[in-house]
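The values are calculated or read from the model by the stated rules, or taken from the named source; none is laboratory data. Just so it is clear, the structure is predicted and the values come from calculations on it, not from any experiment. Reconstructed Cβ throughout: ideal geometry from the backbone, glycine too, with neighbour counts over all protein chains shown.
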2 protein chains.
Amino acid sequence: MLFNPLLNETDKQWKPIIKALETVVGKDGVIRRKEELLTYECDGLTSYRQRPALVVLPRTTEQVAATVKICHDYQIPWVARGAGTGLSGGALPVENCVLIVTARMQQILSIDLENQRVIVQPGIINNWVTQAVSGAGFYYAPDPSSQIICSIGGNVAENSGGVHCLKYGVTTNHVLGLKLVIPDGSIVDVGGSLPEMPGYDLTGLFVGSEGTLGIATEITLKILKTPEAICVLLADFMSLEAAGQSVTDIISSGIIPAGMEIMDNFCIRAVEDTVKTGCYPKDAEAILLVELDGLQVEVDANKQRVTQICRQNGAREITSANDLETRLKLWKGRKAAFAAAGNISPNYFVQDGVIPRTKLAEVLEKINKLGEEHGYKIANVFHAGDGNLHPLILYDNAIPGAWEEVEELGGEILKLCVNMGGSLSGEHGIGSDKNCYMPYMFNEIDLETMQWVRKVFNPDNLANPGKLFPTPRTCGEAANAKIEQFKGVELY
Amino acid sequence: MLFNPLLNETDKQWKPIIKALETVVGKDGVIRRKEELLTYECDGLTSYRQRPALVVLPRTTEQVAATVKICHDYQIPWVARGAGTGLSGGALPVENCVLIVTARMQQILSIDLENQRVIVQPGIINNWVTQAVSGAGFYYAPDPSSQIICSIGGNVAENSGGVHCLKYGVTTNHVLGLKLVIPDGSIVDVGGSLPEMPGYDLTGLFVGSEGTLGIATEITLKILKTPEAICVLLADFMSLEAAGQSVTDIISSGIIPAGMEIMDNFCIRAVEDTVKTGCYPKDAEAILLVELDGLQVEVDANKQRVTQICRQNGAREITSANDLETRLKLWKGRKAAFAAAGNISPNYFVQDGVIPRTKLAEVLEKINKLGEEHGYKIANVFHAGDGNLHPLILYDNAIPGAWEEVEELGGEILKLCVNMGGSLSGEHGIGSDKNCYMPYMFNEIDLETMQWVRKVFNPDNLANPGKLFPTPRTCGEAANAKIEQFKGVELY
């Protein structure tokens, strides 16, 4: 009983599908009223909108499997969604799709402190994992800026990073095993509770696959011991180059800070005007935040060395904080950078690209030049230690054509990153936003190889179609096609 | 022009194949004399032998691709082989196969110290990577015991570990990108020079795939800064349990040593009788080796804490070494453990299993009991920090039926590991030795999912057939079929 995935908006054929889904998740587990569906029209990348045909809210692996099986049987495209905070449109619905939302899958299924692992459902909020184990002296390392609202399932899909990923690695380094529902509705276990598992590393393959291979319903995470001591240093510089050189020198000296972030003057001013930390000197061309962790003696020794390196590179003032309260104060501005951008500009677009760390100064200069050429102001805030840039392009969506121009500028920045030996994404994923740039990074056979793998799990392309991989359409066309897609999907 | 992969031994049909291969790699690049092929009949797991039809020695990616293409066109099975030091029969030839040996692919293609990465050909010896960069203050972390003879290509295939993998992770954590030749002869690039790459993590998928997905011809490795200070501690205990408890306590205290190894009394005596280090007390029930690295202050502080923990657990004597010479002396016995086993017994079989670290004492007792039940002495040496056991079963191959009994005992040990929540392999791979145990660890659908992925790359099963995955034959049958397979393959 297969029929076209693009069901007619008012098609009566939806009726048995809804009935079947309600049998699985209950009547309150299926959302289909237009006004209730509004919430689900976009993820953190708000420029694109698409209403799903309906939303399903399962609670268990079995309910997810049954839901996916129904989609498979009726050949309906489906998209998995966690907290909807993604920044590349990975959880953006596609036309007439079933959106499987994990908001009711928020259980911690097991905590094994001795072996330092926890098993969680995908809907659990990133920060809750740390909260659940911090009393016993543990924490979960990957910490996206959105960690108080983003879900672990979404982190797995996008292989999310965060400020502490310099030292501890991104999500994939912290996932030991997964229970998956693959697009035919089967339940598959990959990996396990140990890092050493024989056979193909399908866990690693799945993490970062952006919902195109299936949906994770149980996630085994590694947790780490809370370090004995933490120290945050804030140094301010009169040039971005000096801040960048300090980063290179710190890494070259053999120190691996827990995190190392740079903000430029424009960003500093935006942040200070918004959250008024009082710590970020508004006349500085750049500030460098360095977090050191480990044993007290180690942190003390590294603090001395980092201070010395920053001074040698002309740092004006260096503030440091050991206690939690002061540390949070120093971090506050960095954590509020995106919000601050929203405060000084009607709209902003966060780009996410990676470059070799050694090319920081050169690339930042080129990015600012690109901004000038295109007539847009760009604020720069980035994970300097791993060369992961987050240029914030400020614009006004009310100006016709602005978004298209911003998207083009964002693309130019990405191409620059790739040309400099870098990558299209550090931690936000490709989603529907950057898939058209994949051919800049991978040749045809490399992309084809990925598609072969996709087809193994997702042969009918029902799971998150149109994401991650380039579609035949060019970028401009894709953007035009996607913008303002407010086609109402009225059921009955 | 396809014909049966199992060509007749004297089949004239080999002639055009040899001619084609010689055109690719030169006359001296194809080995086909019976006496010259002897070297290639087994890998480090010497219990199984199988002569290949011929050996090909390519020098470049293009030569590998052309060789694989010829195998594909003639539907001949092929096996990739590095230095042949593997311990699970991963590089064991299959009947009438072409063995592609990477011994002539030993170039370091690029060294980028600033970005801490090197690109190497697969035939390069593990230790050479560190030698190439140590002058500049860097090293390559994964260090199998065989590191002075094993190749990086083999390390990639088996996802090799080593004593330093407790802190730094196994091979997969140090491979950034690969140039691959897949079984249809295509050249594919996966990953890159940065850890953050969008799309599916095919690099991670390939590492540890044991030659069943293709052959890596260029490998981009991450190198690390040599730590400022290194200290090795050797503590001896009057019970294995006390040594195991010390390991648990050290990890629980938040210290992650670079390495943490335990040897039991039998192993200690074997080692002292063989290499006479003078450091391993022969009456101790267990010795614990702990390597600490980092800043001098950090190492000093951790040394104090480790010493205290060992004392609390009843350590008799604790020796420490800071300088290279003394450190090597303390390590010498551990590094010579396998050789020592060979010295006190005509033959030995190294098993490789993983258990949750917290179950060390319990499992070791059970392993020794299994040995007693089966009438074989087992020496225990293991990466205690990550629960990776290496029981050495001592036996005499001259006694008829001994190997079969040892293989059965080895299997019992593996099943025990899995039953205790562990894994079939920590670092030696599955190969042809343990593939029959895969169903103990994975259910049918999990294994089927891996097979789907295998088929994407290797649809005709020409690349390393019969490895990694269970064949329909039972273990006993497989073993009998494989032992003493000295069927001469005479060409012409």
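Structure above, values below:
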read-out	value
Enumeration of residues in region B:78-94 that are within 18 Å of B:ASN435 (Cα to Cα) and surrounded by fewer than 24 Cβ atoms within 10 Å (Cβ to Cβ)	B:VAL94
Test for A:GLY387: is it farther than 24 Å from A:PRO281 by Cα, surrounded by 24 or more Cβ atoms within 10 Å (Cβ to Cβ), within 14 Å of another protein chain (Cβ to nearest Cβ) and not aromatic (Phe, Trp, Tyr)	no
Selection count where residues are part of a helix (DSSP H, G or I) and more than 8 Å from chain A (Cβ to nearest Cβ), scope region B:158-172	6
A:CYS417 within 13 Å of chain B (Cβ to nearest Cβ), crowded, with 24+ Cβ neighbours inside 10 Å and outside any loop (DSSP other than H, G, I, E, B)	yes
Only one of B:GLY199, B:GLY204, B:GLY192 that is closer than 22 Å to B:LYS467 by Cβ and either more than 23 Å from the chain's Cα centre (by Cα) or crowded, with 24+ Cβ neighbours inside 10 Å (or both)	B:GLY204
Sole residue being in contact with a strand residue (DSSP E or B) (Cβ under 7 Å, 6 or more places away or on another chain), at pLDDT 95 or above and not assigned by TED's automatic domain parsing to the domain that holds B:ILE255, chosen from B:GLY371, B:GLY387	B:GLY371
Region A:207-221: number of residues that are closer than 20 Å to A:PRO93 by Cα and more than 11 Å from every other protein chain (Cβ to nearest Cβ)	4
Checklist (1) at pLDDT below 95; (2) more than 14 Å from chain B (Cβ to nearest Cβ) applied to A:GLY422, failing item	(2)
When residues of region A:442-462 are limited to those that are at the interface with chain B (Cβ under 7 Å from one of its Cβ atoms) and among the aliphatic types (A, V, I, L, M), the one nearest to B:THR449 (Cα to Cα)	A:VAL456
Per-region count, region B:173-206, residues part of a loop (DSSP other than H, G, I, E, B), within 7 Å of chain A (Cβ to nearest Cβ) and at pLDDT 95 or above	3
Residues of region B:315-359 classified as of a type in the set (A, V, I, L, M) and modelled with pLDDT under 90, total	6
Where A:GLU228 falls short, out of the listed (1) within 20 Å of A:GLN116 (Cβ to Cβ); (2) surrounded by 20 or more Cβ atoms within 10 Å (Cβ to Cβ); (3) over 26 Å from the mean Cα position of the chain (by Cα)	(2)
Enumerated strands (runs of 3 or more DSSP E) restricted to region A:31-145, each holding at least 3 residues that are under 29 Å from A:LEU389 (Cβ atoms) and not charged (D, E, K, R)	none
Failed item, numbered, when A:ILE413 is tested on (1) within 24 Å of A:VAL247 (Cα to Cα); (2) modelled with pLDDT under 95	(2)
Among the candidates A:ILE287, A:ILE262, A:ILE318, residue that is more than 23 Å from the chain's Cα centre (by Cα), assigned to a strand (DSSP E or B), closer than 30 Å to A:ASN397 by Cα and hydrophobic (A, V, I, L, M, F, W, C)	A:ILE287
Residues located in region B:240-259, provided they are touching a Phe, Trp or Tyr at 6+ places or on another chain (Cβ under 8 Å) and either outside the structural domain of B:ARG305 (by TED's automatic domain parsing) or part of a helix (DSSP H, G or I) (or both)	B:ALA243, B:SER246
Hits in region B:95-105 (condition: surrounded by fewer than 22 Cβ atoms within 10 Å (Cβ to Cβ) and at pLDDT 95 or above)	B:ALA103, B:ARG104
Single residue of region B:346-370 satisfying the filter (under 22 Å from the mean Cα position of the chain (by Cα) and farther than 25 Å from B:MET238 by Cβ) that is nearest to the other protein chains (Cβ to nearest Cβ)	B:VAL354
